[in-house]
């Protein structure tokens, strides 16, 4: 069986995962065998990756568009390589094919681990540049992060349903559902409005 794994660091509104899905399908994965995830590649315990790793059987193939989609952790990549060797899997990471159906060639294993190291270094460099940019912006007096929430910038949908909450017709969870806002967001808005 051919399984695909596609990952983006942020949600579907901010990053498009469809390019990865198209490439995985071109290599033989299907909608039913592709696992989609919106999580950081540095996070070790990812729900969809864990499901995939628990689903695969001996002789299966795992496809990802590049090493960094599977993980940005060298340690986790080494664990996946060991799993591939134990289950005699085939890993296709971009154009790099690692066939563990027979004994893994030490040079191939070393190259794959080096790709993992470079992926982790790339992630660390991105993080360092972001932090440096934020410090530079702060030094120039710019405000970092989201603007503070005030009663003026709370969405209208909140005020539309607020009277029902105030009169006890709905609870916070129902209020959250009606507004299509998270429970913590509703709680934050209530603390501002009710001061």
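Based on what the data block shows, is residue 84 crowded, with 16+ Cβ neighbours inside 10 Å and out of contact with any helix residue (DSSP H, G or I) (no Cβ under 6 Å at 6 or more places or on another chain)? So residue 84 passes the test. Per this entry, residue 184 is not counted among residues that are assigned to a loop (DSSP other than H, G, I, E, B) and either modelled with pLDDT under 90 or within 26 Å of the chain's Cα centre (by Cα) (or both). Residue count for the stretch 148-159 satisfying the condition of being over 14 Å from residue 192 (Cα atoms) and in contact with a helix residue (DSSP H, G or I) (Cβ under 8 Å, 6 or more places away or on another chain): 1. The residues of the stretch 49-75 that are in a helix (DSSP H, G or I), without any contact (Cβ under 8 Å) to a residue 60 or more places away in the chain and in contact with a helix residue (DSSP H, G or I) (Cβ under 8 Å, 6 or more places away or on another chain), listed by number, are 49, 53, 67, 68, 74. Scanning the stretch 87-110 for residues that are in a helix (DSSP H, G or I) and surrounded by fewer than 13 Cβ atoms within 10 Å (Cβ to Cβ) turns up 106, 107, 110. Looking only at the stretch 128-150, decide whether some residue is within 21 Å of residue 1 (Cβ to Cβ) and assigned to a loop (DSSP other than H, G, I, E, B). No: the stretch 128-150 contains no residue that is within 21 Å of residue 1 (Cβ to Cβ) and assigned to a loop (DSSP other than H, G, I, E, B). Just one of (1) out of contact with any helix residue (DSSP H, G or I) (no Cβ under 8 Å at 6 or more places or on another chain); (2) surrounded by 10 or more Cβ atoms within 10 Å (Cβ to Cβ); (3) not in a helix (DSSP H, G or I) fails for residue 170. It is (1). Out of 177, 123, one residue alone is under 30 Å from residue 78 (Cβ atoms) and surrounded by 13 or more Cβ atoms within 10 Å (Cβ to Cβ). It is 123. Output the qualifying pairs, or none if there are none: Cβ atoms under 7 angstrom, residues six or more apart or on different chains, first residue in the stretch 94-120 and more than 21 Å from residue 72 (Cβ to Cβ) and in the same structural domain as residue 75 (by TED's automatic domain parsing), second residue modelled with pLDDT of 85 or more and surrounded by fewer than 13 Cβ atoms within 10 Å (Cβ to Cβ). From residues that are more than 21 Å from residue 72 (Cβ to Cβ) and in the same structural domain as residue 75 (by TED's automatic domain parsing), the pairs are 101/59.
Scanning the stretch 57-73 for residues that are surrounded by 17 or more Cβ atoms within 10 Å (Cβ to Cβ) and more than 16 Å from the chain's Cα centre (by Cα) turns up 60, 61, 62, 63.
Within the stretch 34-48, being part of a loop (DSSP other than H, G, I, E, B) and either in contact with a strand residue (DSSP E or B) (Cβ under 9 Å, 6 or more places away or on another chain) or in contact (Cβ under 8 Å) with a residue 12 or more places away in the chain (or both) holds for 39, 40, 41, 42, 44, 46. Checked against (1) surrounded by fewer than 10 Cβ atoms within 10 Å (Cβ to Cβ); (2) over 27 Å from residue 134 (Cβ atoms), residue 184 passes all but a single condition, namely (2).
The values are calculated or read from the model by the stated rules, or taken from the named source; none is laboratory data. Bear in mind the structure is a predicted one, so any value in this text is a computation, not a measurement. Every residue, glycine as well, gets a Cβ built from its backbone with ideal geometry; the counts of neighbours run over all protein chains shown.
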